[in-house]
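S.K.: Before we start, here is the structure in question, set down as structure tokens.
The values are calculated or read from the model by the stated rules, or taken from the named source; none is laboratory data. Keep in mind that what you see is a predicted model, and the values were worked out from it rather than measured. Note: ideal-geometry Cβ built from the backbone for every residue, glycine included; neighbour counts use all protein chains shown. Remember, those area values only see protein heavy atoms, side chains included, never the ligands or the DNA or RNA. Shrake-Rupley method; radii C 1.70, N 1.55, O 1.52, S 1.80 Å.
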Amino acid sequence: MPRQPAAEGEGSLFEIVKSGKTALTVVVDDWIEQYKQDRDSALLDLIQFFIHCSGCKGRITPHMYHNMEHAEIIRKMTEEFEEETGDYPLIMSGPQWKKFRGNFCELIMVLVRQCQYSIIYDQYMMDNVISLLTGLTDSQVRAFRHTSTLASMKLMSALVEVALNLSINLDHTQRQYEAERARGRGKQSERLDLLMTKRQEIEENQEEIRNMLTYIFKGVFVHRYRDTQPEIRAICMAEIGNWMKRYPGMFLDDSYLKYVGWTLYDRVGDVRLCCLKCLHPLYDTDELAPKLELFTNRFKDRIVEMTLDKEYDVAVHGVRLVSNILKFSDNVLSDKDCENVYELVYSSHRAVAQAAGEFLNSKLFSRELDEATKNLKSKKGKKRSENTPLLRDLVQFFIESELHEHGAYLVDSLWEINDMLKDWECITDLLLEEPGRGEEAMDDRQETSLIEIMVCCVKQAATGEYPVGRGPNRKLTSKEVKQVHEDKTRLTEHFIVTLPQLLAKYNVDAEKVVNLLTIPLYFDLEIYTTSRQEKHLDSLLHHIADIVDKHTDSEVLENASKVLENLCAEEHAISHKCNVAKSTLIDHLAQRYKEAFQDFFQEGDDPDEDDAYALMASLKRTYAFASCHDLNSWNLWDSLFLIMKGGQEGTGIPDEIVCKAISCCHMSIMWYLDAIDDHAPDKEAMDDLRKKLVNFMRLCHALLLLQQDRIQQEAFITICDLLIVFSRNLAQNPVLEPLVYEPDKNLQSQLGDFLNEKVFIEDDDDDMDENQKIEELHKRRNFLACFCKLVVYNVISIKCAADMFKFYMKFYNDYGDIIKATLGKSREINKVVTAKTLAVSLTQLFGELKLEQDNNIDRTSEGFQAVKELARRFSLSFGLDLIKNREAVAAMHREGIIFSVSTQEDMNARVPPNIPFLEILTEFTSKLMKQDKKVVLQFLEKNTAGIEEDGSEEWSALVTYRSGLQQGDGDMTAPTRAPPSRRGRAGRRKQQQQLQQLQQLPPPAQVQEDDGQWVARSTPARAGAVGPLTSTVIRRKRTHEEMDTTDGSEIGSERDFDMRK
């Protein structure tokens, strides 16, 4: 009698494989021995193994096995399947289950391999296993379907290996047979008969294996490759790729390839990725690639499309597959296809860009050069590098791509692929050496592009950093650090000599000079002394001075100033020489500025255009150097301040000159502050700085009131920046407290008015092109960010942000992120004052709407609905924690009720003119705790006690609001209630404790006569600082009225609630 199969215990096949303690070959050998003794019992153990691997705890009895069909057994197991959690071994997380999945697949492979010479041909074991797995793959239970599909596909893979072995044995037998027959007849006849019999047996086995493969493919794969579960579809694609590679004679055919091609359109990225991965090795193999010609022609367009896939991993493999197709045949891809891939070198995703770089390198930079090209020489007879034609092609590609702001992306894409980018001599020879015979001279655009590429290469080589926007900053490995050091040394040694020559050649071309001046920033400056290259340093300093003297372009001057700052750093041995050169240059600049100033303000003569140009040019140079160097010892403050006063008095000074003078004074004040000793400051210097600061801020305030846009904007940004620097934050060092500058109410109001006039305006200029609109929007966002920093860092009152918050929805697309972040930080400072500020924003909008509608509010109008939508967004921003926001929400309702029932506008009005505002206030009722609703309702009734309601439509807003407050009167008081879930006893006990704590909260306070503290403080105020912000300014403690404890504010950190429509 057959023995009982092992239950799901220690001795079961499932537990043995799960533990992984026994070698799978041993497990399979034991099973084979059992099969030879009692095949029914062994097969029952194997079937039970598949059931247990699916997560089903049901047990198949010998009676069921002998008397029920596989379909009935599967139905019975489905009934016993417990799908409470939906977890089963193949999808469970953790190292144990990951190892189990590998063991599961390996067991099937080992089983077939160990049985390949006899048992798999007995028409019993394989027939039963295939029949069971095929039935399970049609199950509605995902666990059965997933597990059996994986088992079936691995079974097919194992049978493919058997078929390969049979093919090898058949070839070997055939060769033996041919050799024996060639020897002639006689004694060899018996040998020939044996070989003939063996060949026939192998052919029969081969046919049987093919039949098994065909049956499983049609019974499982054809149905499951389009299963609803993506992981099942992915299994099918991964395995069919393996079959095509291992057994191309059967599977590398269009009748099988079509399934891969169709699945390229799958909606799930992982499945599409599996398709591409299974195609890679096929195109990589020279013997297999020609068989893919029809498939390539049919699905080539789809593969090219996948290079733009939204899943980056899919896009990367798509580009690599296109590269493989290119190697297979140059003619398959059209020019349009190639261009689509070329553009991806500018992708922000580095892996995609590098894959596109490999394609670009294969297409354009991997060709063989002819002898004439290899032997090119310059006009002076210097032999050209072999990279010369490749660099010319790279420049041409860069120009034709028309993305000249992204040269760094192009360089990064090719950096690890082609060494021509580090061939400094080749690059500079193209720029410095005149073309020889057979060469074409580079035009101006090509030279400019080559210089830009060269500078990007220098930066990449000297830093090893990725371009901005292409991946996060990373720590270099020790190998990378060593490579960067070697590259930096090599480029420094080369450009120390060639950079002065390049500056000499292009010193009048601003676009080229801007790039060239950044190269010294990446030098190893110690090489100047260690290699005795001081003469080249003198030449560089001379050319920098010459460039500063000739140019007025701001970017050129700023780069020259940065280079000198870098060269003059004290840690370098060359700093003394460079400081002397810098001082000489600044002496010259200061003298030119003073002369231009005198010429412009010469008494008796009106300045002409030349005078204005000379003064503006001098101011540009002064500002560029003041940004990096302290110019206060040159005594320029008085003249700069005089220019500002002239602009304020309207003496006809051009706006750009006044703006530049403001910027110079701003930098001068910063350098004065920098010069003060933090420990023992000079009192006279402190007094002088304080005086300069006060006068400067007053003058900027006056300039803010002018009608000239450029002057207004420059004054606004300068005021905001200096208010941050000289805020109460500075008083953390007590000796610097006298320098603190706080804005008065008038200045705060003017800053808010500036936003209304310059930021929150409709963009109706249709003549402005798209780029100009983007620049204008960027400028406005900068203005708004400057103002928001003042709020976030406690420089101005939160109440000043009311005018800004009311535009949250109207300008959501343009400024929504900035306003939302400011709102969140404001709550961290003081929730109650922020809530009152939001109430002011809503009442202001309501008042504006009343004026538009002649004091007759139409609650169905678009304007009224817009105010309601803003209120809804404000309500959502309070989040889900009702206790934390209790007092803030209560303050919002108090302010709203007082505004709504006020009759100050019309004392004789039958209905308060602002009563429709209560409908807007209704949006916040859901944020009130149950006990607070009663208090608010009492406050509402008290304030409407003297008003007679007649039930007309005009009172409907009050009825709606009152109804919102009365909802849930009989419910348990709790901030939030989570949906019921399955919890253990400990979980329920914790829930009961929390409920008791909520019930023990103090009862709401009664309404006081003075309408003061009218909601009980159930939670103590929390002390906490504002979270970290992206600024170098240290925060100070709140000292404004918002920190007054009478507000009942709760101060602490709060994550802003994610607002969704």
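S.K.: So, in segment 805-819, how many residues would count as being of a type in the set (Lys, Arg) and surrounded by fewer than 17 Cβ atoms within 10 Å (Cβ to Cβ)? Explain how you work it out, then say what you get.
M.R.: Taking segment 805-819 first, the residues of a type in the set (Lys, Arg) are 806, 810.
From what's left, surrounded by fewer than 17 Cβ atoms within 10 Å (Cβ to Cβ): 810.
Counting residues in segment 805-819 that are of a type in the set (Lys, Arg) and surrounded by fewer than 17 Cβ atoms within 10 Å (Cβ to Cβ) gives 1.
S.K.: Still on this structure, please answer the following. So ALA545 passes all but one of these: (1) within 23 Å of ARG592 (Cβ to Cβ); (2) open to solvent by less than 10 Å² (accessible area, probe 1.4 Å); (3) of a type outside the set (D, E, K, R). Which condition number does it fail?
M.R.: Just one mismatch for ALA545, condition (2).
S.K.: Identify, please: which residue in segment 434-464 is surrounded by fewer than 16 Cβ atoms within 10 Å (Cβ to Cβ) and of a type in the set (D, E, K, R) and is, among those, nearest to GLY407 (Cα to Cα)? Walk me through it before giving the result.
M.R.: Step one: list which residues in segment 434-464 are surrounded by fewer than 16 Cβ atoms within 10 Å (Cβ to Cβ), which gives 434-438, 440-441, 443-445, 463.
This time we only want the ones that are of a type in the set (D, E, K, R), so: 434, 437, 440, 443-445.
Values: GLU434: 25, ARG437: 30, GLU440: 23, ASP443: 18, ASP444: 17, ARG445: 14 Å.
The selected residue is ARG445.
S.K.: Which of the residues belonging to segment 53-95 are open to solvent by 70 Å² or more (accessible area, probe 1.4 Å) and over 18 Å from ALA143 (Cα atoms)? Don't jump to the end; show me each part of the working.
M.R.: Applying the first criterion (open to solvent by 70 Å² or more (accessible area, probe 1.4 Å)) to segment 53-95 yields 57, 59, 63, 66-67, 69, 72, 75-76, 79-80, 82-85, 87, 93, 95.
Once the filter is applied, which keeps residues that are open to solvent by 70 Å² or more (accessible area, probe 1.4 Å) and over 18 Å from ALA143 (Cα atoms), segment 53-95 yields HIS63, HIS66, ASN67, GLU69, PRO95.
S.K.: Could you tell me how many of the residues in segment 520-531 are over 20 Å from ILE451 (Cα atoms), open to solvent by 40 Å² or more (accessible area, probe 1.4 Å) and part of a helix (DSSP H, G or I)?
M.R.: 2
S.K.: Now, a different point. From the set of residues in segment 556-578 that are hydrophobic (A, V, I, L, M, F, W, C) and surrounded by fewer than 17 Cβ atoms within 10 Å (Cβ to Cβ), which is nearest to CYS456 (Cα to Cα)?
M.R.: Result: ALA569.
S.K.: Using the structure shown, decide if GLU714 is of a type in the set (Asp, Glu) and farther than 18 Å from TYR623 by Cα.
M.R.: Values: of a type in the set (Asp, Glu): yes; farther than 18 Å from TYR623 by Cα: no.
Spelling it out, it is not the case that GLU714 is of a type in the set (Asp, Glu) and farther than 18 Å from TYR623 by Cα.
S.K.: Starting from residues that are assigned to a loop (DSSP other than H, G, I, E, B) and among the charged types (D, E, K, R), keep the ones in segment 121-154 and report whichever is modelled with the lowest pLDDT. Walk me through how you get there before you give the answer.
M.R.: Initial filter on segment 121-154 (assigned to a loop (DSSP other than H, G, I, E, B)): 122-124, 138-141.
Narrowing the set further to residues that are among the charged types (D, E, K, R) leaves 122, 138.
Details: ASP122: 88, ASP138: 92.
By that ranking, first place goes to ASP122.
S.K.: Which one of these does ASP854 not meet: (1) open to solvent by 60 Å² or more (accessible area, probe 1.4 Å); (2) farther than 30 Å from PRO912 by Cα; (3) part of a loop (DSSP other than H, G, I, E, B)?
M.R.: (2)
S.K.: Quick check on segment 89-109. Is at least one of its residues over 17 Å from LYS18 (Cβ atoms) and free of Cβ contacts under 8 Å to residues at least 12 places away in the same chain?
M.R.: From segment 89-109, those over 17 Å from LYS18 (Cβ atoms) are 109; that's our starting set.
Filter again for free of Cβ contacts under 8 Å to residues at least 12 places away in the same chain, leaving none.
No, there is no match, as no residue in segment 89-109 is over 17 Å from LYS18 (Cβ atoms) and free of Cβ contacts under 8 Å to residues at least 12 places away in the same chain.
S.K.: If you don't mind, there's one more thing I want to ask. Among the candidates LEU706, LEU722, which residue alone is touching a residue at least 12 places away in the same chain (Cβ under 8 Å) and in a helix (DSSP H, G or I)?
M.R.: Details: LEU706 fails: in a helix (DSSP H, G or I).
Going through LEU706, LEU722 in turn, just one is touching a residue at least 12 places away in the same chain (Cβ under 8 Å) and in a helix (DSSP H, G or I): LEU722.
S.K.: Among THR822, THR834, which is modelled with pLDDT of 90 or more, in contact with a Lys or Arg (Cβ under 6 Å, 6 or more places away or on another chain) and not in a loop (DSSP other than H, G, I, E, B)?
M.R.: Details: THR822 fails: in contact with a Lys or Arg (Cβ under 6 Å, 6 or more places away or on another chain).
Going through THR822, THR834 in turn, just one is modelled with pLDDT of 90 or more, in contact with a Lys or Arg (Cβ under 6 Å, 6 or more places away or on another chain) and not in a loop (DSSP other than H, G, I, E, B): THR834.
S.K.: Give segment 5-29 a look and list any residue that's surrounded by 13 or more Cβ atoms within 10 Å (Cβ to Cβ) and either modelled with pLDDT under 65 or part of a loop (DSSP other than H, G, I, E, B) (or both), or say none.
M.R.: PRO5, ALA6, ALA7, GLU8, SER12, GLY20
S.K.: Also, I was wondering about something else. I'm trying to understand the selection: among the residues of segment 235-247, which are crowded, with 23+ Cβ neighbours inside 10 Å and of a type in the set (A, V, I, L, M)?
M.R.: ILE235, MET237, ILE240, MET244
S.K.: If we only count helices (runs of 4 or more DSSP H) wholly inside segment 185-258, which ones have 1 or more residues that are within 22 Å of TYR124 (Cα to Cα) and touching a Ser or Thr at 6+ places or on another chain (Cβ under 6 Å)?
M.R.: Fully inside segment 185-258 and qualifying: 188-216.
S.K.: If you don't mind, another one. Among the residues of segment 155-169, is there at least one that is assigned to a helix (DSSP H, G or I), of a type in the set (D, E, K, R) and within 23 Å of ALA23 (Cβ to Cβ)? Outline the logic, then answer.
M.R.: Let us first name the residues in segment 155-169 that are assigned to a helix (DSSP H, G or I), namely 155-169.
So of that shortlist, the ones also of a type in the set (D, E, K, R) come out as 161.
Now drop any that are not within 23 Å of ALA23 (Cβ to Cβ), which leaves 161.
Yes: segment 155-169 contains one or more residues that are assigned to a helix (DSSP H, G or I), of a type in the set (D, E, K, R) and within 23 Å of ALA23 (Cβ to Cβ).
S.K.: Follow-up question, since we're still on this one. When the residues of segment 532-542 are narrowed to those that are open to solvent by 10 Å² or more (accessible area, probe 1.4 Å) and part of a helix (DSSP H, G or I), which ends up nearest to ALA626 (Cα to Cα)?
M.R.: As a first pass, look at segment 532-542 and keep what is open to solvent by 10 Å² or more (accessible area, probe 1.4 Å): 532-536, 538-539, 541-542.
Narrowing further to those that are part of a helix (DSSP H, G or I): 534-536, 538-539, 541-542.
Details: GLU534: 27, LYS535: 28, HIS536: 27, ASP538: 23, SER539: 24, LEU541: 18, HIS542: 20 Å.
Once the filter is applied, the top-ranked residue is LEU541.
S.K.: If only one of ASN297, ASN331 is surrounded by fewer than 17 Cβ atoms within 10 Å (Cβ to Cβ) and modelled with pLDDT of 90 or more, which one is it? I'd like the intermediate steps shown before the answer.
M.R.: Numbers: ASN331 fails: modelled with pLDDT of 90 or more.
Unique residue meeting the criteria: ASN297.
S.K.: For GLN598, all conditions in the list (1) open to solvent by 30 Å² or more (accessible area, probe 1.4 Å); (2) within 20 Å of LYS562 (Cβ to Cβ) hold save one; what is the number of the exception?
M.R.: In the conditions (1) open to solvent by 30 Å² or more (accessible area, probe 1.4 Å); (2) within 20 Å of LYS562 (Cβ to Cβ), GLN598 misses (2) alone.
S.K.: Any idea which of ALA143, ALA158, ALA151, ALA163 is within 25 Å of TYR283 (Cα to Cα), surrounded by 18 or more Cβ atoms within 10 Å (Cβ to Cβ) and under 48 Å from the mean Cα position of the chain (by Cα)? First the steps, then the outcome.
M.R.: On the way: ALA143 fails: within 25 Å of TYR283 (Cα to Cα); ALA151 fails: within 25 Å of TYR283 (Cα to Cα); ALA163 fails: under 48 Å from the mean Cα position of the chain (by Cα).
Being within 25 Å of TYR283 (Cα to Cα), surrounded by 18 or more Cβ atoms within 10 Å (Cβ to Cβ) and under 48 Å from the mean Cα position of the chain (by Cα) holds for just one of ALA143, ALA158, ALA151, ALA163, which is ALA158.
S.K.: Next question. Need the failing condition index for GLN200 against (1) of a type outside the set (D, E, K, R); (2) in contact (Cβ under 8 Å) with a residue 12 or more places away in the chain; (3) loosely packed, with under 15 Cβ neighbours inside 10 Å, just the number.
M.R.: (2)
S.K.: Then there is this: State yes or no: is LYS336 in contact with a Leu (Cβ under 6 Å, 6 or more places away or on another chain), among the charged types (D, E, K, R) and either on the phi > 0 side of the Ramachandran plot or open to solvent by 90 Å² or more (accessible area, probe 1.4 Å) (or both)? Before the answer, list the steps.
M.R.: Details: in contact with a Leu (Cβ under 6 Å, 6 or more places away or on another chain): no; among the charged types (D, E, K, R): yes; either on the phi > 0 side of the Ramachandran plot or open to solvent by 90 Å² or more (accessible area, probe 1.4 Å) (or both): yes.
No: the conditions fail for LYS336.
S.K.: Hey, another quick one. Just one of LEU369, LEU421, LEU430 is open to solvent by less than 40 Å² (accessible area, probe 1.4 Å), out of contact with any Lys or Arg (no Cβ under 8 Å at 6 or more places or on another chain), modelled with pLDDT of 90 or more and among the aliphatic types (A, V, I, L, M); which is it?
M.R.: Checking each option against the conditions leaves just LEU421.
S.K.: Within segment 735-753, does at least one residue satisfy the condition of being surrounded by fewer than 11 Cβ atoms within 10 Å (Cβ to Cβ), modelled with pLDDT of 90 or more, of a type outside the set (Lys, Arg) and more than 35 Å from the chain's Cα centre (by Cα)? Don't jump to the end; show me each part of the working.
M.R.: Taking segment 735-753 first, the residues surrounded by fewer than 11 Cβ atoms within 10 Å (Cβ to Cβ) are 744-746.
Keeping just the survivors that are modelled with pLDDT of 90 or more gives 744-746.
Now drop any that are not of a type outside the set (Lys, Arg), which leaves 744, 746.
Narrowing the set further to residues that are more than 35 Å from the chain's Cα centre (by Cα) leaves 744, 746.
Within segment 735-753, one or more residues are surrounded by fewer than 11 Cβ atoms within 10 Å (Cβ to Cβ), modelled with pLDDT of 90 or more, of a type outside the set (Lys, Arg) and more than 35 Å from the chain's Cα centre (by Cα).
S.K.: Could I ask something else about it? Do we find that ARG592 is open to solvent by 70 Å² or more (accessible area, probe 1.4 Å) and part of a helix (DSSP H, G or I) in this structure?
M.R.: Working: open to solvent by 70 Å² or more (accessible area, probe 1.4 Å): yes; part of a helix (DSSP H, G or I): yes.
Judged against the criteria, ARG592 is a match.
S.K.: Taking ASP553 as meeting all but one of (1) in contact with a Phe, Trp or Tyr (Cβ under 7 Å, 6 or more places away or on another chain); (2) surrounded by fewer than 17 Cβ atoms within 10 Å (Cβ to Cβ), write down the number of the exception.
M.R.: Exception for ASP553: condition (1).
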